[in-house]
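Only one structure is covered here, and it is reproduced in the block below.
The values are calculated or read from the model by the stated rules, or taken from the named source; none is laboratory data. Since the model is a prediction, treat every value here as computed from it, not as a measurement. All Cβ positions, even for glycine, are placed from backbone atoms using ideal geometry, and neighbour counts span all protein chains on display. Only protein heavy atoms, including side chains, enter the accessible area calculation; ligands, DNA and RNA are left aside. Shrake-Rupley method; radii C 1.70, N 1.55, O 1.52, S 1.80 Å.
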Amino acid sequence: MKDFDVVALGELLVDFTRNGESGQGNPLFEANPGGAPANVLAMLQKLGKKTAFIGKVGQDGFGNLLADAVKEAGVDIRGLMRDPEIPTTLAIVNTFPNGDRDFSFYRKPGADLRLGKEELDEDLLRSCRIFHFGTLSLTDEPAASATRRAVELAKARGLFISVDPNLRKPLWKKEADAKAAIDWSLRQADIVKI
């Protein structure tokens with residue numbers, strides 16, 4: 001019997017989304033917990049599944065906000081690391097009238113990218129049925145190596161691999177790098193979240 005249905009690795013960040021205007025007519029932005037892998041886990045918790053998260057946030061107020069929100073959603077956060085030097089990743093999200101969104105990231109660097117493969121909680125990868133990751137953790141090192149190592153461990157243990165090929169072009173140095181990483185990810189996948 002496995003302890004967890006799904007363990008996910010990836011970005012946990014604050015999405016600042018526009019939420020009205022101040023009395024002076026300035027845009028107001030609301031700090032919302034975000035990050036596609038964590039969002040997947042929160043929804044699975046609502047469906048009665050048992051989940052855990054592997055990732056990294058800053059040792060700052062935003063990191064505290066995120067850790068509290070994910071834990072409150074019922075997600076196990078024993079695999080959540082804290083970086084004492086690099087701040088939590090932030091995103092400014094503008095939503096257009098047609099529903100499309102535009103993202104501006106404050107992530108050069110961001111704590112989520114600083115997860116090293118030596119920080120992976122391998123016990124979590126032994127105690128689940130499905131391992132989920134998103135391609136944003138492949139945008140830079142050391143998180144890219146940690147992600148590849150987690151996939152390697154998950155495959156060796158016969159886990160189902162779930163992938164979110166989440167493309168955010170501004171986070172990649174070159175579009176060709178994004179294409180290669182997404183292609184690699186899709187080749188690992190048993191399940192693709194689109």
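Taken over region 71-94, the residue count meeting the criterion of being farther than 30 Å from P27 by Cβ and of a type in the set (D, E) is 2. Within region 157-175, the set of residues being over 20 Å from G35 (Cα atoms) and open to solvent by less than 70 Å² (accessible area, probe 1.4 Å) comprises G158, L159.
Give the residues of region 78-99 that are open to solvent by 40 Å² or more (accessible area, probe 1.4 Å) and of a type outside the set (S, T, Y), sorted by residue number.
Residues of region 78-99 that are open to solvent by 40 Å² or more (accessible area, probe 1.4 Å), as a first pass: 78, 81-82, 84-85, 87, 92, 94-99.
The answer is R78, M81, R82, P84, E85, P87, I92, N94, F96, P97, N98, G99.
Scanning region 136-153 for residues that are out of contact with any Ser or Thr (no Cβ under 9 Å at 6 or more places or on another chain), assigned to a helix (DSSP H, G or I) and of a type in the set (S, T, Y) turns up just one, S145.
Yes/no per residue for (1) in contact with a Gly (Cβ under 9 Å, 6 or more places away or on another chain); (2) at pLDDT below 95; (3) of a type in the set (S, T, Y); (4) on the phi < 0 side of the Ramachandran plot:
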| site | (1), (2), (3), (4) |
| --- | --- |
| Q59 | no, no, no, yes |
| D83 | yes, no, no, yes |
| T88 | yes, no, yes, yes |
| I92 | no, yes, no, yes |
| T95 | no, yes, yes, yes |
| N98 | no, yes, no, yes |
| K108 | no, yes, no, yes |
| A111 | yes, no, no, yes |
| I130 | no, no, no, yes |
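All told, L47 meets the bar of being over 13 Å from D15 (Cα atoms) and either surrounded by fewer than 16 Cβ atoms within 10 Å (Cβ to Cβ) or in contact with a helix residue (DSSP H, G or I) (Cβ under 9 Å, 6 or more places away or on another chain) (or both).
Within the set of pairs 6+ apart or on separate chains, which have a first residue in region 67-80 that is in contact (Cβ under 8 Å) with a residue 40 or more places away in the chain, a second that is part of a loop (DSSP other than H, G, I, E, B), and C-beta atoms under 6 Å apart? Qualifying pairs under 6 Å: G79/D121. Within region 157-179, residues that are in a loop (DSSP other than H, G, I, E, B) sit with their Cβ atoms under 7 Å from residues that are open to solvent by 80 Å² or more (accessible area, probe 1.4 Å), at 6+ positions apart or across chains, in these pairs: R157/R126; L159/R129. Can you say whether G10 is loosely packed, with under 13 Cβ neighbours inside 10 Å and over 16 Å from L65 (Cβ atoms), as far as the supplied structure shows? Answer is no for this residue. Regarding T51, is this residue touching a residue at least 60 places away in the same chain (Cβ under 8 Å) and among the hydroxyl-bearing types (S, T, Y)? Criteria not met by T51.
Given (1) closer than 17 Å to A38 by Cα; (2) assigned to a helix (DSSP H, G or I); (3) touching a Pro at 6+ places or on another chain (Cβ under 7 Å), where does F133 come up short, assuming only one miss? Every condition holds for F133 apart from (2). Inspect all residues belonging to region 100-115 and state whether any of them is more than 30 Å from K49 (Cα to Cα), open to solvent by less than 70 Å² (accessible area, probe 1.4 Å) and of a type in the set (K, R). Among the residues of region 100-115, at least one is more than 30 Å from K49 (Cα to Cα), open to solvent by less than 70 Å² (accessible area, probe 1.4 Å) and of a type in the set (K, R), which makes the answer yes.
Looking at region 81-135 only, could you name the residues that are of a type in the set (D, E) and in contact with a Ser or Thr (Cβ under 7 Å, 6 or more places away or on another chain)? If the condition is that a residue be of a type in the set (D, E) and in contact with a Ser or Thr (Cβ under 7 Å, 6 or more places away or on another chain), then D112 is the only one that fits. Reported count of residues in region 126-156, each being under 22 Å from L44 (Cα atoms) and either loosely packed, with under 14 Cβ neighbours inside 10 Å or among the charged types (D, E, K, R) (or both), is 3.
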